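The values are calculated or read from the model by the stated rules, or taken from the named source; none is laboratory data. The structure presented is a predicted model; accordingly, all values stated were derived computationally and were not measured. Cβ placement follows ideal geometry from the backbone for every residue including glycine, while neighbour counts extend to all protein chains displayed. Side chains included, ligands, DNA and RNA excluded: accessible areas come from the protein's heavy atoms. Shrake-Rupley method; radii C 1.70, N 1.55, O 1.52, S 1.80 Å.
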Amino acid sequence: MNFLRKQVDKIKPHFEEGGKFAKLHSVFDGFETFLFVPNQTAKSGTHIHDCIDAKRTMITVLVALMPALLFGMFNIGYQHYLAIGQTVTFWDQLFFGVLAVLPKIVVSYIVGLGIEFVFAQIKKEEIQEGFLVSGMLIPMIMPIETPLWMIGLATAFAVVFGKEVFGGTGFNIFNVALVTRAFLFFAYPSWMSGDEVFVRTTDTFGFGGGTLVDGYSGATPLGEIATATTQQVHLTAVNGDPIGLWEMFVGLIPGSIAETSVLAILLGAAVLLFTGVASWKIMLSVFAGGTAMALLFNVFGVNAAMSLTPLEHILLGGFAFGAVFMATDPVTGARTEKGKWIYGFLIGVFGILIRVLNPGYPEGMMLAILLMNMFAPLIDYFVVEGNIKRRMKRVKSTVIKA
Amino acid sequence: MMAKRIQTKKGLDIAIEGKPKLNTVELPIPDIIKIIPDHYPIIPKLSVRVGDKLEAGSAVLFDKNNPDILVTSPVSGEVLAINRGERRKILDITIAVDKTISYKSFDSIDWKKATADNIKTALLESGMWTYIKQRPYDCVANPALTPKAIFISTYDSAPLAPSYEYIVKEEAVAFQKGVDIIAKLTAGKVYLGVKANSDCNIFTEAKNVEVVRLDGPHPVGNPSVMIQQLEPMNKGNIMWTISLQAVLFIGRFATTGSVNFTKKVALSGPEVRMPQYYQTIVGAGIEDMIKDNVFDEKHLRYISGNVLTGTKIALDGCVAAADNQVTVIAEGDEVHEMIGWGMPRFNKFSVSRSYFSWLLRNKITPKFDARIMGGKRAIIMSGEYDNVFPFDIFPEYLIKAMITKDIDRMEVLGIYEVIPEDFALCEFVCTSKLEIQKIAQEAIDYMRQEME
């Protein structure tokens, strides 16, 4: 450790102002603070500080994402081998999934962090950790068949126009990962929905080739429901077998890479809630809002989507993933405690509303969260205004008394 | 009658090693003392020149805005030097102390019959006035105004704080006398904040005050908490706050007719070998209590006051005039903690539970140093401040209004109800490492400049 510290101290002057690599100062600083906690001490105010920092916070979220990511990788392999009718080991399925997903993660990080490094250097600021989470979320919410160049393009768009133009981490209005997805959703809709993008049917880098089984259907359960002509839908897996609540809960269904397993997502939720990094109020109220809206639709129940039970809604699509990892983004969500209840509830409501009533696209969580991202400041405004009114009333009443 | 009770839930008590033992070492009056203008809430102008002879109680400084407000010398002696820094800012007035102290005699007054104006004159002349603080702005009180109420907190809830019950123990008479005099300065009430479970009769049975029991985590002992709960500050209100030590200064002055600026200082903190109290005098250096009494094999930080709101001082510096505490912690600038963000950090304190030290909070006392433990960021996390801020205010919104220096917004969001020290815990827990007390101080200074 001392050796490493000495090496860092030795090369440090080259990256300072006037040094050979001064243009890479932010990058160097990023790596230095990654390796060693900065030894900068308090100049004003409190002399001691809580040891929490942005790095720990973001790493905690990354840890929480791991179960969903790993399961997602496995599920990509599982769905693939199911589609081509081969029985292989768990490790083969996982290996196939890793091969398929890893390039997406690499592209997202290289493009996003590259842009962040450049902006940090231009602004002469430290590199911010926000993209560590966004960069992981982006591939996790993509269909497996989204081409790498699309992910790169969308990531660049989201980082520049979704975040940096507003001032960087902490200033963005919309969740960066969802901006990426929304960009692709509107720019290349055929690559973001339908029954050809959620299951990899071809080989990956030469592994896992095969021919599709008879009766193959690559539609997600929500896709099946959206296109159903009867009120009762018998959901099927890619090979035509029926699927039930258990498969939905565990996540052995087609869908965006890491959104299918409610079990894995709940593990992540446990990490976020246990550490206190995410707001339990938002999480809980998203589920409450979704349940309320689903029950309301059940009353009418004129088509398949309206007849879905609240539990099915929560188990399918990106509902749980959005509730746990997207809605709880503190920067783009409501920031007052009262506001969090309203914000979360409305995400749940709109998520189901869009899902059921939107004829073009079977999923609603992305749009619901982006919509509420926009309204979060308004919700907070009214909550804060309540406090202000109380204060003004007190001022008024004492003036009259005097 | 049952005493009033204020109970708060929001806040945070931070356990740190080095709580001062209830034992006092009497330090001799040093050969040299320093009057440091920064320790007083005034814009300093000199009343003395090098070579002037002073008595204890002679004016050394006066306030540029109100020349009646004086800082007086705690000792008799000769002005040795007036040290100046950048732009001729006065850093300190060094006084060589006489072998035997002679005291300036002030006109004796009958305190019982004295009017508020008589009292004000006496307190101004003797240099007591600089210890009376005013809300809004937490500046020195304007003697031309009458406050709506006066607040004295005898409970310092900050980490390792001195026990005022111990400090007041032998000065019951001076305390009551001080309170009696202060009570004449307001048409309203004098509130005396007392620790919830205090059995100190001097406080709980004090006359001429309304005793308020304070129950909850830090910052429950801050006067702002009492003010908000009892007489919330509105725009245009004037309130005064006086520290317990200042009450004693005033009380002693009233009983003896001369100034007596001796005080007990609690030496505390994890780097102190023998944390205890020292009897010393305003302006005395800290070296006498520090010598051979700290673990100085590493870089140390000396703080006048507590770890949350105190001021960093040098080893040859002195305790701020209004402080009863010195804290010594490790500076930590020679520590390079590897991949700290990835470690379990069992011996580090965090409220966030993302480190695992909270599981062992009762078993391991966390170690602290002065590192800020991270890089500065924009505000990311929400709700952090609310948990440690026991006021009916949205701290994050007020802080943002302060950063943008938006006076109208600050007013409606409650700026008059709080002072920088109330944000200390927000600053402590902040993931984004914002210097919130500095932000608040700058905003309040700006506001005062624009409004007055």
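Odds and ends about this structure:
Per-residue answers, yes or no, for (1) open to solvent by 30 Å² or more (accessible area, probe 1.4 Å); (2) touching a Lys or Arg at 6+ places or on another chain (Cβ under 9 Å):
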residue	(1), (2)
A:Arg355	no, no
A:Tyr361	no, yes
A:Leu367	yes, no
A:Glu385	yes, no
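- Against the conditions (1) without any contact (Cβ under 8 Å) to a residue 60 or more places away in the chain; (2) more than 10 Å from every other protein chain (Cβ to nearest Cβ); (3) open to solvent by 10 Å² or more (accessible area, probe 1.4 Å), B:Thr365 satisfies every one except (1).
- Of the listed requirements (1) of a type in the set (Asp, Glu); (2) in contact with a Gly (Cβ under 7 Å, 6 or more places away or on another chain); (3) in a strand (DSSP E or B), B:Asp156 misses just one: (3).
- Single condition A:Glu126 does not satisfy, out of (1) part of a helix (DSSP H, G or I); (2) among the acidic types (Asp, Glu); (3) within 30 Å of B:Lys312 (Cα to Cα): (1)
- When each of B:Gly178, B:Gly257 is tested for being on the phi > 0 side of the Ramachandran plot and out of contact with any strand residue (DSSP E or B) (no Cβ under 6 Å at 6 or more places or on another chain), the lone residue that passes is B:Gly257.
- Residue within segment A:275-283 that is over 23 Å from A:Ile144 (Cβ atoms) and more than 14 Å from chain B (Cβ to nearest Cβ) present: no
- Taking the listed residues A:Ala292, A:Ala323, A:Ala305, the one that is in a helix (DSSP H, G or I) and modelled with pLDDT under 90 is A:Ala305, with no other qualifying.
- Segment B:99-111, subset touching a residue at least 40 places away in the same chain (Cβ under 8 Å) and assigned to a loop (DSSP other than H, G, I, E, B), residue surrounded by the most Cβ atoms within 10 Å (Cβ to Cβ): B:Lys104
- Scanning segment A:97-113 for any residue that is within 23 Å of the chain's Cα centre (by Cα), at pLDDT 95 or above and under 30 Å from B:Phe346 (Cβ atoms) turns up nothing.
- Scoring A:Met142 on the criteria (1) buried (at least 19 other Cβ atoms within 10 Å of the Cβ); (2) aliphatic (A, V, I, L, M); (3) not in a loop (DSSP other than H, G, I, E, B) leaves a single failure, condition (3).
- Residues being of a type in the set (A, V, I, L, M, F, W, C), surrounded by 23 or more Cβ atoms within 10 Å (Cβ to Cβ), within 7 Å of chain A (Cβ to nearest Cβ) and closer than 19 Å to A:Val277 by Cα - total across segment B:373-427: 2
- Selection of segment A:189-209 for residues being surrounded by 15 or more Cβ atoms within 10 Å (Cβ to Cβ) and outside any helix (DSSP H, G or I) yields A:Met192, A:Ser193, A:Gly194, A:Asp195, A:Val197, A:Phe198, A:Val199, A:Arg200, A:Thr201, A:Asp203, A:Thr204, A:Gly208.
- Within segment A:1-109, helices (runs of 4 or more DSSP H) holding 1 or more residues that are of a type in the set (Asp, Glu) and free of Cβ contacts under 8 Å to residues at least 12 places away in the same chain: A:2-15
- Listing of helices (runs of 4 or more DSSP H) fully contained in segment B:165-274 that carry 1 or more residues being open to solvent by less than 10 Å² (accessible area, probe 1.4 Å), in contact with a Phe, Trp or Tyr (Cβ under 7 Å, 6 or more places away or on another chain) and over 24 Å from B:Asn306 (Cα atoms): B:172-183, B:244-256
Residues are listed down the side, and each one gets a yes or a no for (1) surrounded by fewer than 18 Cβ atoms within 10 Å (Cβ to Cβ); (2) within 24 Å of the chain's Cα centre (by Cα):
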residue: A:Ile48; (1), (2): no, no
residue: A:Met66; (1), (2): yes, yes
residue: A:Ile76; (1), (2): no, yes
residue: A:Gln79; (1), (2): no, yes
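- Residue check, A:Leu178 over 30 Å from A:Leu378 (Cβ atoms) and either of a type in the set (S, T, N, Q) or assigned to a helix (DSSP H, G or I) (or both): no
- Any hit, segment A:292-311, residues being within 28 Å of B:Asp386 (Cβ to Cβ) and under 26 Å from the mean Cα position of the chain (by Cα): yes
- Of note, B:Ile82 does not satisfy the criterion of being outside the structural domain of B:Gln134 (by TED's automatic domain parsing), open to solvent by less than 70 Å² (accessible area, probe 1.4 Å), closer than 21 Å to B:Thr130 by Cβ and in contact (Cβ under 8 Å) with a residue 40 or more places away in the chain.
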